Amino acid sequence: MTGWLTRRRLGLLCALACIAGLPSIASALATQSLEGGWQFRIAPGDPHASAHPRTEQWLTATVPGSVQTDLMALKLVPDPYWRDNEAKIQWVGLSNWQYRARFKVDAATLGRAHVDLVFDGLDTFADVYLNGHSILAADNMFRRWRVPVKSLLRAGANTLEVKLYSPIERLQPWLLKQPYALPGEFDSSFGDEPKGKQTANYARKAAYQYGWDWGPRVVTEGIWQDVKLQSWDTLRLADFHVAQPQVDANVAKLQAQLDIDADAALSARVALHWRAPGGQTRLLQHDVELKAGDNHLAIPFEITRPQRWWPVGYGKPDLYDFHVDLLVGGKLLASAERETGLRSVELRRRKDQWGKSFEFVVNGVPIFAKGANFIPPDIFPTRVTPTQIRHLLESARDANMNMLRVWGGGYYLPDDFYATADRLGLMVWQDFMFGGAIPPSDPKFRDNVRAEATQQVQRLRDHPSIVLWCGNNEVETGWESWDDRKAFKKTITTAQRRHIEQGMRELFDHTLRDVVANYEPDVPYWPSTPGTDYDGPVNVTDDGDYHYWNVWSGDALPVTAYLDVTPRFMSEYGLQSMPAMATVGAFTEPSDRSIDSEVMRAHQKFDKGNGNERLLKYAEREFGEPKDLASFAYLSQVMQAEGIQLAAEHLRASRPRSMGSLYWQLDDAWPGITWSSIDWYGRWKALQYHARRFYATLLISALRDRGATKVSLVSDRTSPIHARWRLRVMDFSGKVLQQKQANVTLPPLAATPVGTFSDGQLLHGANPRATFAVFELLVDNQVVSRNLVFFDAPKNLALPVPHVDAQLVQKGDGYALTLSSGMLAREVWVSFGGIHASVSDNAFDILPGQRVTVAVHSKASLDALRKALEVQDVADAMRADVQ
């Protein structure tokens, strides 16, 4: 991806240099990377040193990185993802550490007017020393730190030292002296913090690393972002941003905004170049007067008939390249580049017959948001690669998603994530990093957050994919309604409660709102999810967005309860499933592979490992007792996929009352039993394949509830489309008992009800245990959407065990697998054991007599794939005595 962007930029710069006759490009800002030559050790006198004596010597370190990943590379701690090793790495996050590096500085650098040391990220509490001089005390993982250091540098060798402190040990003694501890998230399972005395609230650090109900507790420390020296003379271009005050089909009224740090008052020329998606280039030059110190420039310009950026499914995600040069006396002193898309974004909030709307409007078009929540893809951020990010985002796009919500308990993701989302046309709902714990109310904490938010908004604001900044995840709803918060309120005084509530309101309604208003006013701000923007109570169905967890959590209601709630926008809901057995095999020994083993419980974080019982309960409701662990893994995925499909199709069929479906969650932070639709190894679960169907542009929704099936046709297209819908009722051998069809014109951006059918109308006396209904939507005589309706849970049906014929042949540079069955085959799942292979479709139904061909891609040979091929279906996975 970096190479692709570089080639685009080089092409732009070469083209513009030719047409403009500009001086050669040689930025006055020089950067020297300080990522090499690092060593680390446990801090002298640390109480854990005696048990780990090898860590007392200086060891090779990797920067960017963390203490834990460095120790893992040296095999001084085990992989916490293997079996129950998580416990064996806890001591690292309870210890203090030291990093050091020696680097050389040449005379040319020392001759510059300014030399700054820049840490793009320190995790988290750190003291920094240069040549023995204290230069920085850091206390925020999410901030960049810039320190002028010219006076402390030496010609030749210099020494940089970073002392890192355990955030738990740093804060816990202080917290235990306080009159109360603010409610947090998940208590430690390892006894390193007293119950209800969590330090995570008070640290500006990724909250998920303290443990979540889907991931391990690994409290990292380290230099987790780039380190560099930057030197410059005369002026420094601190920031370049293309603001979009007004964008429509006719004109984009823009501003080139520059922040410049100048040594003295001087005259300068700003040369702004841009290239349109079609390749056309333009040059705008503007003379400016700079004063000594900080300068903010806003230079207006227009682009007529802009090629706008569109979400996937609505148009092309076109991107413009912008380049700015800053010249003084004809000499180029600074330059910067931005790639961005031109679009307008509105969070439409209007009163209507259902309450108050919550819908995203891009370029004037109301968009039904289809997607999922995105969590950090690893407990160690520096292990996440651009390739991994691209796979996850392309998987989202390939499943017909158009939005991902970056959840607030993790960290602000790297530039690669947002650049990839830009190119794929994926909208991003971006939380600020508050995962649900109640934050401190003191002004110093807010000032720290303000600096963090300012830096992150400035870093990310040119990404057109970001369509919302949200203040927090579940802080407001937790304070209102969670049992532990209610109990906490009873233990504090009225004045203390008022202080806490005023602090939250100040932080989320003012501090963060003001940052977005000041630095990215083109994008809406939402103070809390779920929320109502302080209209009233939160997590209500008639206003704002909604998190629904009565299915799975709380009362563990059946999945049909999804049909009883119709919120304006569902931003969280979910069901767990097991990962594929290949993934289970990657973190277990054979002896661990039972649902109640200690290792399987260690990789199930819901309810302290008891979530496996909850998962079995949900699977058994539908399928009865699975015959073995492999069948349970498969059936749990089918249960998850069909449950989420029910909810998503209900929401889509409720348009425009509901305008968003973001299920929990897309990805995993480790190999575990979670709510994800893609596991940590990148393997698609059944839900991901189902999402591609229930998020398709055209959908026939058939929702059976309380003995009646409501059928709706949904179109996300922006123009009408002629189609035909068809109903067939048949038995499991394929005999058609009744059928009907009708032509229809689907209106754009709408859900169209076409009928409600009682079980009696569909069955006409047929055996409900051996009969099903097929609802299909056809365009140009091709089936574009299909839904099957059954009249009881699978465990109560007389499902035949089908013989699925599978023929795998070579086709082009891949393979083609053709599957067929003379009887109904439900949720057919194709796998190849431990062989890595991708299939174009999976977890699908095969109608009696139907042939389905899927593409298979693998580096394995045809013979190896044929031998490893496994085909599962629901009837075969259920125990024979319950069929």
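The values are calculated or read from the model by the stated rules, or taken from the named source; none is laboratory data. Only a predicted model underlies this, so the values are computations on that prediction, with no experimental measurement involved. So basically every Cβ, Gly included, is an ideal-geometry build from the backbone, and we count neighbours across all protein chains shown. Heavy atoms of the whole protein, side chains included, go into the accessibility calculation; ligands, DNA and RNA do not. Shrake-Rupley method; radii C 1.70, N 1.55, O 1.52, S 1.80 Å.
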I need every pair where a residue in segment 505-530 that is within 17 Å of Glu346 (Cα to Cα) and among the acidic types (Asp, Glu) has its Cβ under 7 Å from the Cβ of a residue that is open to solvent by less than 20 Å² (accessible area, probe 1.4 Å) and part of a helix (DSSP H, G or I), sequence separation at least 6 or different chains. Glu520/Val457
Taking segment 541-560 and the residues there that are open to solvent by 10 Å² or more (accessible area, probe 1.4 Å) and hydrophobic (A, V, I, L, M, F, W, C), the one that is farthest from Phe358 (Cα to Cα) would be Leu557
Of all residues making up segment 147-183, the number that are farther than 24 Å from Arg446 by Cβ and open to solvent by less than 10 Å² (accessible area, probe 1.4 Å): 6
Condition met for Val729 (assigned to a strand (DSSP E or B), among the aliphatic types (A, V, I, L, M) and open to solvent by less than 10 Å² (accessible area, probe 1.4 Å)): yes
Reported set for segment 35-52 where residues are surrounded by 10 or more Cβ atoms within 10 Å (Cβ to Cβ), closer than 30 Å to Val118 by Cα and either free of Cβ contacts under 8 Å to residues at least 24 places away in the same chain or not acidic (Asp, Glu) (or both) is Gly36, Gly37, Trp38, Gln39, Phe40, Arg41, Ile42, Ala43
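Yes or no, residue by residue, for (1) over 17 Å from Gly65 (Cβ atoms); (2) in contact (Cβ under 8 Å) with a residue 12 or more places away in the chain:
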| position | (1), (2) |
| --- | --- |
| Val92 | no, yes |
| Gly111 | yes, no |
| Asp120 | no, yes |
| Arg146 | yes, yes |
Considering only strands (runs of 3 or more DSSP E) fully contained in segment 249-341, which possess at least 1 residues that are closer than 27 Å to Val428 by Cβ, small (Gly, Ala, Ser) and out of contact with any Gly (no Cβ under 6 Å at 6 or more places or on another chain)? 251-262, 293-304, 331-340
Surrounded by 19 or more Cβ atoms within 10 Å (Cβ to Cβ), modelled with pLDDT of 95 or more and closer than 21 Å to Arg143 by Cα: is that true of Asn400 in this structure? no
Kindly indicate whether Ala243 is under 31 Å from the mean Cα position of the chain (by Cα), more than 28 Å from Leu34 (Cα to Cα) and either small (Gly, Ala, Ser) or assigned to a strand (DSSP E or B) (or both). yes
Can we say Gly574 is without any contact (Cβ under 8 Å) to a residue 12 or more places away in the chain and within 30 Å of Ser528 (Cα to Cα)? no
Restricting segment 438-478 to residues that are outside any loop (DSSP other than H, G, I, E, B) and polar (S, T, N, Q), which is surrounded by the most Cβ atoms within 10 Å (Cβ to Cβ)? Asn473
State which residue pairs qualify: first residue without any contact (Cβ under 8 Å) to a residue 12 or more places away in the chain and within 12 Å of Asp841 (Cα to Cα) and inside segment 676-696, second residue outside any loop (DSSP other than H, G, I, E, B) and open to solvent by 10 Å² or more (accessible area, probe 1.4 Å) in any location, beta carbons under 7 Å apart, and separation of 6 or more residues or different chains. none
Considering only segment 808-823, I want to know if a residue exists there that is under 19 Å from Gln637 (Cα atoms) and outside any helix (DSSP H, G or I). no
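This table checks each residue for (1) modelled with pLDDT of 95 or more; (2) out of contact with any helix residue (DSSP H, G or I) (no Cβ under 9 Å at 6 or more places or on another chain); (3) open to solvent by 10 Å² or more (accessible area, probe 1.4 Å).
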| site | (1), (2), (3) |
| --- | --- |
| Ala262 | yes, yes, no |
| His273 | yes, no, no |
| Asp287 | yes, yes, yes |
| Thr304 | yes, yes, yes |
| Gly315 | yes, yes, yes |
| Tyr320 | yes, yes, no |
| Glu359 | yes, yes, yes |
Search segment 400-413 for residues that are more than 20 Å from Arg144 (Cα to Cα) and touching a residue at least 12 places away in the same chain (Cβ under 8 Å) and pair each with any residue that is of a type in the set (Val, Ile, Thr) and surrounded by 23 or more Cβ atoms within 10 Å (Cβ to Cβ) when their beta-carbon atoms are under 7 Å apart and the residues are at least 6 apart or on different chains. Asn402/Ile367; Leu404/Val428; Val406/Val428; Trp407/Ile375
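This table checks each residue for (1) within 29 Å of Ala298 (Cβ to Cβ); (2) touching a Ser or Thr at 6+ places or on another chain (Cβ under 8 Å); (3) open to solvent by 60 Å² or more (accessible area, probe 1.4 Å).
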site: Arg485; (1), (2), (3): no, no, no
site: Lys489; (1), (2), (3): no, no, no
site: Thr493; (1), (2), (3): no, no, yes
site: His499; (1), (2), (3): no, yes, yes
site: Met504; (1), (2), (3): no, yes, no
site: His510; (1), (2), (3): yes, no, yes
site: Asp522; (1), (2), (3): yes, yes, no
Residues (assigned to a strand (DSSP E or B) and open to solvent by 20 Å² or more (accessible area, probe 1.4 Å)) located in segment 126-146: Asp127, Tyr129, His133, Ser134, Ile135, Leu136, Ala137, Asp139, Trp145, Arg146
What are the pairs, 6+ residues apart or on separate chains, where a residue within segment 587-612 that is farther than 20 Å from Ser631 by Cβ and hydrophobic (A, V, I, L, M, F, W, C) has its Cβ under 7 Å from a residue that is outside any helix (DSSP H, G or I) and open to solvent by 40 Å² or more (accessible area, probe 1.4 Å)? Ala602/Asp84
Check segment 521-531 and report whether any residue there is modelled with pLDDT of 95 or more and either farther than 27 Å from Met659 by Cβ or part of a helix (DSSP H, G or I) (or both). no
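Results for (1) within 30 Å of Ala770 (Cβ to Cβ); (2) among the basic types (Lys, Arg); (3) open to solvent by less than 50 Å² (accessible area, probe 1.4 Å), shown as yes or no for each residue.
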| site | (1), (2), (3) |
| --- | --- |
| Ile673 | no, no, yes |
| Ile678 | no, no, yes |
| Phe694 | yes, no, yes |
| Ala708 | yes, no, yes |
| Ser719 | no, no, no |
| Trp725 | yes, no, yes |
| Lys735 | yes, yes, no |
Search segment 791-807 for residues that are over 20 Å from Gly760 (Cα atoms) and pair each with any residue that is among the hydroxyl-bearing types (Ser, Thr, Tyr) when their beta-carbon atoms are under 6 Å apart and the residues are at least 6 apart or on different chains. Pro802/Ser821; Val804/Ser821; Asp805/Ser820; Gln807/Thr818
Filter result (among the hydrophobic types (A, V, I, L, M, F, W, C) and part of a strand (DSSP E or B)) within segment 544-574: Val551, Leu557, Met570
Any residue in segment 622-636 that is assigned to a loop (DSSP other than H, G, I, E, B), open to solvent by 10 Å² or more (accessible area, probe 1.4 Å) and free of Cβ contacts under 8 Å to residues at least 12 places away in the same chain? yes
Quickly run through segment 840-859 and pick out the residues that are in contact with a His (Cβ under 8 Å, 6 or more places away or on another chain) and surrounded by 18 or more Cβ atoms within 10 Å (Cβ to Cβ). Ala843
